[in-house]
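Chemist: A single structure is presented below for examination.
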Amino acid sequence: MPLSEYEQRVLDEMEQSLASEDPRLATHLGGDPQRSTIRYVVAILGTLLGIGLLVVGVATSVVVVGVIGFVVMFASVALALAWPKPRDGATARQGGAEPSGRKKGDGTSRRRSVRQRFEERWDKRQSEH
């Protein structure tokens with residue numbers, strides 16, 4: 001069932017609001033579904049190939065083939081679980097800074113917990129309104 005004009009307009013406004021408040025999340029949620037599907041298909045095929053090599057390596061007692069199979073399998077699973085990289089220079093739109101206002105690479109962002117960063121963002125947004 002298609003959306004009414006009002007519902008579509010509200011949805012567009014919510015989308016724009018999300019993009020302006022948290023560009024990284026908007027980029028992640030607005031990812032290319034075809035690209036994700038291809039990545040998962042490649043990861044599944046790689047995992048199956050790795051399992052096959054691992055079984056062949058064990059069956060023939062050739063350790064090198066088994067190790068290669070394990071490495072291929074591990075890399076495929078890592079590919080499937082990897083966080084997608086931002087497209088179209090999403091970090092450039094943020095001015096090279098993290099959402100909390102700290103510059104990348106200064107090391108302080110890694111020491112803070114996720115909860116602390118969310119609290120800082122919340123306080124910042126509350127002070128703006």
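The values are calculated or read from the model by the stated rules, or taken from the named source; none is laboratory data. Source: prediction; values computed, not measured. Here Cβ is always computed from backbone atoms with ideal geometry, including for glycine, and neighbour counts include all displayed protein chains.
Chemist: Quick check, is S76 modelled with pLDDT of 80 or more, surrounded by 11 or more Cβ atoms within 10 Å (Cβ to Cβ), under 30 Å from W122 (Cβ atoms) and not hydrophobic (A, V, I, L, M, F, W, C)? It would help to see each step written out before you state the result.
Modeler: Numbers: modelled with pLDDT of 80 or more: yes; surrounded by 11 or more Cβ atoms within 10 Å (Cβ to Cβ): yes; under 30 Å from W122 (Cβ atoms): no; not hydrophobic (A, V, I, L, M, F, W, C): yes.
No, not satisfied.
Chemist: While we're looking at this one, here's another question. Looking at L11, is it within 30 Å of R121 (Cα to Cα), at pLDDT 80 or above and either part of a helix (DSSP H, G or I) or not β-branched (V, I, T) (or both)?
Modeler: In short, yes.
Chemist: For G57, indicate whether it is in a helix (DSSP H, G or I), within 16 Å of A80 (Cβ to Cβ) and modelled with pLDDT of 80 or more. Before the answer, list the steps.
Modeler: Values: in a helix (DSSP H, G or I): yes; within 16 Å of A80 (Cβ to Cβ): no; modelled with pLDDT of 80 or more: yes.
Taking the combined requirement at face value, the residue does not satisfy it.
Chemist: Among all residue pairs at least 6 apart or on different chains, which show Cβ distances below 6 Å where the first residue, located in the stretch 17-42, is surrounded by 11 or more Cβ atoms within 10 Å (Cβ to Cβ) and the second is assigned to a helix (DSSP H, G or I) and modelled with pLDDT of 80 or more?
Modeler: Listed by first residue and then by second, the contacts come to Y40/A80.
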